[in-house]
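Single-structure report; data block below.
Bear in mind these aren't lab numbers, they're just calculated from the coordinates by the rules spelled out. Small disclaimer: the values here were computed from a predicted structure and weren't measured. Every residue, glycine as well, gets a Cβ built from its backbone with ideal geometry; the counts of neighbours run over all protein chains shown.
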There are 2 protein chains.
Amino acid sequence: MDVLMQSLKIGINEKLYIKDPESSSLGKKIVEESILLIDEIGFEHFTFKKLGARINSNESSIYRYFENKHKLLLYLASWYWGWMEYRMVFDTNGISDPVEKLSKAIEVLTQNVEEDNAFSHINEVVLNKIIINEYSKSYLVKEVNDEDKNGYFIVCKRLVSRLSEMIVAVDKTYAYPLSLASTILEGTLHQYFLKEHFPMLTNCNENVTPTHFFTDLIFRTLNLNVNG
Amino acid sequence: MDVLMQSLKIGINEKLYIKDPESSSLGKKIVEESILLIDEIGFEHFTFKKLGARINSNESSIYRYFENKHKLLLYLASWYWGWMEYRMVFDTNGISDPVEKLSKAIEVLTQNVEEDNAFSHINEVVLNKIIINEYSKSYLVKEVNDEDKNGYFIVCKRLVSRLSEMIVAVDKTYAYPLSLASTILEGTLHQYFLKEHFPMLTNCNENVTPTHFFTDLIFRTLNLNVNG
DNA sequence: GAATATTGATAGTAATACTATTATTTTTGC
DNA sequence: GCAAAAATAATAGTATTACTATCAATATTC
């Protein structure tokens, strides 16, 4: 799993941190506990001072790793999308049939996240929760164009692009592969949010998952049979 | 248009404001200029102090209308969704064919917003821009469950519900009408955002609109012909 | 064991997000 | 047209946030 780990590390833009949090135990603790604290109190209430108190460290020490909490969120999001991308590529790698390949990709991207023990200091289940609740806040900012120029969103963009290509491989005539791919990724986060907080606005529940909904949607849209 | 105006006023939960901004010229100015200022500097940089300076009024006076900027955003969002709901109901009212009715609803909900002169102090075009950029921030908060209990999201919920019913009217066997409806509403905002800031992640541009994409998606998903 | 890097502690600043009080202006009712 | 009431403005003040700067204490490494 070392190769995986490295490939994921590569995905994170160096401008997102001042000092690489993977390079020290304090850095890892900052990442590890920030995920838990953001989940507990929400991104708006989260501060470096509170995080410092929680990990018995100092506010000023955290500022030596991340410029501000916004950059930390972008870092966590890059890690998350890099991890998703890796799993998608890994899990679809050997599949030659384009329909089966797309189907598997959708499954990986929309299914409930389970813990991955390859990364000891990152709790993927909780990270997924904060991506559902907070990811939009990382790009819905006035500075988005400049930040995009800095490459802060490159991992997520590459994921959409890859998924779009898989859609094209299934149906070259379909006119909206990019829009469909971005709708699936964003829509998945949204359906999980609705399931948790607005169950009346979704058909997803304990039995019906976003994977069911989006797999069905893709197959109907691209005019395929469920069995490939 | 007075009836319309009233019906839209009714839609806004009274708990969202301390004093009804429609009841005075200062209140209207607060709403009018807050839309423009949030659009200009973004919700994070927007403060009541800055708004006060802009309208030659006082921070403390604005606090007499709205508890904080979060409630103001919820107010603006309720107004927006109330206005969309009204237009959707109005424009689909006489249509008896369910397919044509759904098609018209999608059109109203996904098309580019144009100014509505019935509401002099609200610039719908700019309001639509801030909904695209800021709406998610109104519900992606830790307090969402309590706020929902207070009825702050009722207008948007009713809209999803209505759209879902129109989907059911077209295809009773389709298993995910709520998820499809919520995906369309949320996805429309997202596609407009991508079109503006991440054109590589969407097929929408000057010629292809979110209306094209979502109309096509709905028709394929519900197995209909484009001509009804 | 000295030099260097890292972390911690403390202090300080400007801005934010308010609340409270009092003064001034506007509105309304008679 | 004037008094009473309501609305708005001005000012001040508090706690928190989002940092920056400085210096002391601790690890690390050469």
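For peptide A:215-225, the mean count of partner chain Cβ atoms within 10 Å of a residue's Cβ comes to 3. Cβ crowding within 10 Å, taken as a proxy for footprinting-reagent exposure, orders B:His190, B:His197 from fewest neighbours to most as B:His197, B:His190. Can you find, among A:Ile30, A:Leu222, A:Thr202, the residue farthest towards the positive end of the dipole of chain A? Put +1 on the C-beta of Lys and Arg, -1 on that of Asp and Glu. Positive-most Cα among the choices belongs to A:Ile30.
Straight-distance candidates among the aspartates and glutamates for linking to B:Lys157, with alpha-carbon spacing under 16 Å and chain neighbours fewer than 8 residues away dropped: A:Glu196, B:Glu85, B:Asp146, B:Glu147, B:Asp148, B:Glu165, B:Glu186. Across the stretch A:13-103, Cα pairs under 8 Å and at least six residues apart give a relative contact order of 32 percent. An oblate overall shape is assigned to the protein assembly as shown, the ratio a/c of its alpha-carbon gyration tensor axes (a ≥ b ≥ c) being 1.5 or greater and a/b not exceeding b/c. For chain B, the longest principal axis of the C-alpha atoms and the axis of helix B:177-197 are separated by about 60°. For the stretch A:2-221, pairs of C-alpha atoms spaced more than 23 angstrom apart make up 49 percent of the total.
Sorted from shortest to longest, the distances between the B:Ile154 label points of this copy and the other copies are 5.0 nm, with each point 7 Å from Cα along the line through the beta carbon. Once the C-beta distance of A:Gln111 and B:Ser24 is scaled by a Förster radius of 51 Å, the resulting FRET efficiency is 0.45 to the nearest 0.05. Peptide A:194-207 is shielded by partner chain Cβ atoms: per residue, an average of 5 of them sit within 10 Å of its Cβ. Placing a label point 7 Å from Cα along the Cα-to-Cβ axis, A:Ile55 is separated from the same position in the other copies by 4.3 nm, shortest listed first.
Starting from the Cα of B:Glu206, step 7 Å toward the Cβ, then list every residue of the stretch B:81-118 with an amide N under 17 Å from that point. Only B:112 pass the distance filter. Measuring from each Cβ of chain B to the axis carrying B onto A, the nearest residue and its distance in whole Å come out as B:Ser136, 2. Given R0 = 51 Å, the distance between the Cβ atoms of B:Ser61 and A:Ala118 translates into a calculated FRET efficiency of 0.35. Each Lys and Arg Cβ is given +1 and each Asp and Glu Cβ -1; about its Cα centre, the protein assembly as shown then shows a dipole of about 700 debye. Its Kirkwood hydrodynamic radius, worked out from the mean inverse distance over all distinct Cα pairs, puts the stretch B:105-228 at 16.1 Å. Residue by residue along B:140-147, Cβ atoms of other protein chains within 10 Å of the local Cβ number 5 on average.
Once the Cα atoms are used to define both axes, helix B:210-221 deviates from the longest principal axis of chain B by about 40 degrees.
With 21 Å as the limit on Cα-Cα distance, the pairs of A:Lys50/A:Lys142; A:Lys29/A:Lys49; A:Lys71/A:Lys129; B:Lys29/B:Lys129 that go past it are A:Lys50/A:Lys142. Adding -39500 (n - 2.57) for every DSSP H run of four residues or longer, then dividing by how many residues the protein assembly as shown holds, sets the calculated 222 nm ellipticity at -20500 deg cm²/dmol.
Placing unit charges on the Cβ atoms only, positive for Lys and Arg and negative for Asp and Glu, gives the stretch A:139-228 a dipole magnitude near 220 debye about its Cα centre.
Placing dummy labels 7 Å off each Cα toward the beta-carbon, the span from A:Asn225 to B:Asp91 is 4.0 nm. Over chain A, what relative contact order in percent results from Cα pairs under 8 Å that are six or more residues apart? Computed over chain A, the figure is 22 percent. Taking the C-alpha atoms only, the angle from helix B:124-139 to the longest principal axis of chain B is near 90 degrees.
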